[in-house]
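K.L.:
Structure provided below as structure tokens; questions to follow.
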Amino acid sequence: MIHHLSIAAREPKRVAGVLAELMGGSAVPFPPNPGSFFALQLDDHGSGVEVYPAGTELRPGGIDGGGFEKRPDGGRGYGPTHFALSVATDADTVEKIAAREGWQCFSCNRGPFHVIEVWLENETMVEILPPEFAREYLAFTRPDKVQAAMAAAPVAAARQR
């Protein structure tokens, strides 16, 4: 189980607030990295998303662990990181929240399950799974099914820019 993960955003407070709203939780400052916020799902698993200012890098830090550094250019953009997030919020509300924020949002059929892609700040994709979509996802990823299903799936053609 992944308990938390981190992403970067140009407006960390805003992004953490929206994620917390989608999760039905709360967003709080994240003191170890000034300017960061932690969107907490407030569930029994400690689920959450740390949202750092754009340009933040995690670097190895020796005896006390990793440390935070900020790139001078504050750079961001599209990247390979995304995550799926089960929420109690219904699909219509997810789409309304994304629209209110001005973020791209797409209801997608992944074959064995559906997701709502919400593009945080129109750069970072999170797959939102309202309860009915989460049930589909969990049915697909059952240990007795997922490996065979992935092995049998067709390979997509690579897209180049």
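Each reported figure results from applying straightforward, stated rules to the coordinates on display, with no laboratory input. As the structure is a computational prediction, the values presented were derived from the model and not from experiment.
K.L.:
Could you work out the relative contact order of the chain, using alpha carbon pairs under 8 angstrom and six or more residues apart, expressed as a whole percent? Provide the component values of the computation, followed by the final result.
P.N.:
Values: 271 pairs, mean separation 26.8, N = 161.
Taking the mean separation of contacting Cα pairs over the length of the chain, I get 17 percent.
K.L.:
Using only the Cα atoms, work out Rg/Rh for the chain, with Rh taken as the Kirkwood radius, to two decimals.
P.N.:
0.99
K.L.:
Taking the Cα atoms only, what angle lies between the long axis of helix 91-101 and the longest principal axis of the chain, rounded to 10 degrees?
P.N.:
Approximately 30 degrees, to the nearest 10.
K.L.:
Oh, and also: Taking N as the number of residues in the range 3-62, what is its alpha-carbon radius of gyration divided by 2.2 N^0.38 Å?
P.N.:
With N residues counted in the range 3-62, Rg over 2.2 N^0.38 Å equals 1.08.
K.L.:
How big is the antiparallel share of DSSP beta bridges in the range 4-149, given as a percent to the nearest 5? It would help to have the intermediate numbers written out before the result.
P.N.:
Working: 22 of 33 bridges.
Percentage antiparallel, nearest 5: 65.
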